[in-house]
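Written out below as structure tokens is the structure these notes cover.
The values are calculated or read from the model by the stated rules, or taken from the named source; none is laboratory data. All values reported here derive from a predicted model rather than from experimental measurement. Using ideal geometry, Cβ is built from the backbone for each residue, glycine included, and neighbour counts are taken over all protein chains shown. All accessible areas refer to the heavy atoms of the entire protein, side chains included, with ligands and DNA or RNA removed. Shrake-Rupley method; radii C 1.70, N 1.55, O 1.52, S 1.80 Å.
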Amino acid sequence: MAVDAALLEALSAHRKLLFGLCYRMLGNQADAEDLVQDTLERALMKPPSDLERDPKAWLVRVAMNACRDHLRARKRRADAQAWLPSPLLTPLDDPD
């Protein structure tokens, strides 16, 4: 399958935004990265119908729906532990 270079460029431009939104909703870096990856995969498999416009709004909607679904599934699992957000490591936090 040939992937449109313009679509790939647009998707990579919004990756950081999507990660920030997913991390704020989920509070977990690993889950946020997974959902961003799922969002980008979906955009490659089934791109938005109007490719002339910037896909930012479409990507945000897809990512937020994925986050809501993930939170519903987390709630159904009913973990007995108290939930706290995981810390997000920044380049300043790296010991190297």
Discussion item. Taking the condition of being of a type outside the set (Ser, Thr, Tyr), within 20 Å of Lys75 (Cβ to Cβ) and either open to solvent by 70 Å² or more (accessible area, probe 1.4 Å) or in contact (Cβ under 8 Å) with a residue 60 or more places away in the chain (or both), how many residues in region 1-28 meet it?
Written reply: 1
Worksheet item: Do we find that Glu33 is within 12 Å of Leu88 (Cα to Cα), in a helix (DSSP H, G or I) and open to solvent by 20 Å² or more (accessible area, probe 1.4 Å) in this structure?
Response: yes
Worksheet item: Quick check: is even one residue across region 59-80 at positive phi and of a type in the set (Gly, Ala, Ser)?
Response: yes
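Yes/no matrix, rows are residues, columns are (1) exposed (fewer than 14 other Cβ atoms within 10 Å of the Cβ); (2) modelled with pLDDT under 75; (3) under 15 Å from the mean Cα position of the chain (by Cα); (4) under 19 Å from Met25 (Cβ atoms):
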| residue | (1), (2), (3), (4) |
| --- | --- |
| Arg42 | no, no, yes, yes |
| Lys46 | yes, no, no, no |
| Asp50 | yes, no, no, no |
| Asp54 | yes, no, no, no |
| Asp69 | yes, no, yes, yes |
| Ala80 | yes, yes, no, no |
| Asp94 | yes, yes, no, no |
Worksheet item: Residues in region 9-30 that are assigned to a helix (DSSP H, G or I), more than 13 Å from Arg68 (Cα to Cα) and not hydrophobic (A, V, I, L, M, F, W, C): how many?
Response: 6
